[in-house]
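Throughout, read-outs are computed from the coordinates displayed, never taken from laboratory work. Not measured: the values here are computed from a predicted model. All Cβ positions, glycine included, derive from the backbone under ideal geometry; neighbour counts span all protein chains shown.
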């Protein structure tokens, strides 16, 4: 395929069918639109390899499927990288409270897991609320609520320890 006119005659009639196939593959209009656009761009770039008069529908669909597979593999690699980062951050959060006294470590360990994770990520891991919400797969408001309740329970559990250490004046 040499020029724009031949491209328009052969490839553009395939667009509605490409759109339907992309919708079925992607299960969402935004990704489907991106796939069709990327397919048309790749078809334009590879127009020299297309022989006019052959099956343009099959050729464009092969490009669409390859584009979808590349997108799927990229997302899979991103998910694996995020899981690895989550594992590293959980290990570093655990290492962050190794320097605490036994009382503080015990109080932290006694918290319910959802409160402990929020406290470890935000207070010990220096994550923003949004980053913690992304890592815990919950809304930001939920992280803030869990953090408030976790801190409140830690404060209550460590009140006498803080007074003994001179951090807090004892109520006399």
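Tabulated data for the structure shown
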quantity: Calculated SAXS-style log₁₀ I(q)/I(0) at q = 0.18 Å⁻¹ - segment 4-78, Debye, Cα scatterers; calculated: -0.67
quantity: Helix 15-26 vs. the chain, principal-axis angle (Cα, 0 to 90°, nearest 10); calculated: 30
quantity: Relative contact order (%) - criterion: Cα under 8 Å, at least six apart; region: the chain; calculated: 16
quantity: Rotationally averaged projected area of segment 97-165 (alpha carbon convex hull; nm²); calculated: 4.4
quantity: Computed lengthening from residue 163 to residue 74, 0.36 nm per intervening residue step minus Cα-Cα distance; calculated: 26.7 nm
quantity: Fewest-first sequence of 14, 138 by Cβ atoms within 10 Å of each Cβ; calculated: 138, 14
quantity: Ranked by how many other beta carbons lie within 10 Å on average, peptides 149-161, 74-86 from highest; calculated: 149-161, 74-86
quantity: Relative contact order, percent, segment 4-78 [alpha-carbon distance under 8 Å, six or more residues apart]; calculated: 37
quantity: Mean Cα-pair separation over length for segment 97-165, i.e. relative contact order, pairs under 8 Å, 6 or more apart, %; calculated: 36
quantity: Acute angle (nearest 10 degrees) that the helix 56-96 long axis makes with the longest principal axis of the chain, alpha-carbon atoms; calculated: 10
quantity: Diffusion constant of the chain at 4 °C, which comes from Stokes-Einstein with the Kirkwood Cα-pair radius and 1.567 mPa s, µm²/s; calculated: 63
quantity: Rounded to 10°, Cα long-axis angle of helix 29-45 versus longest principal axis of the chain; calculated: 50
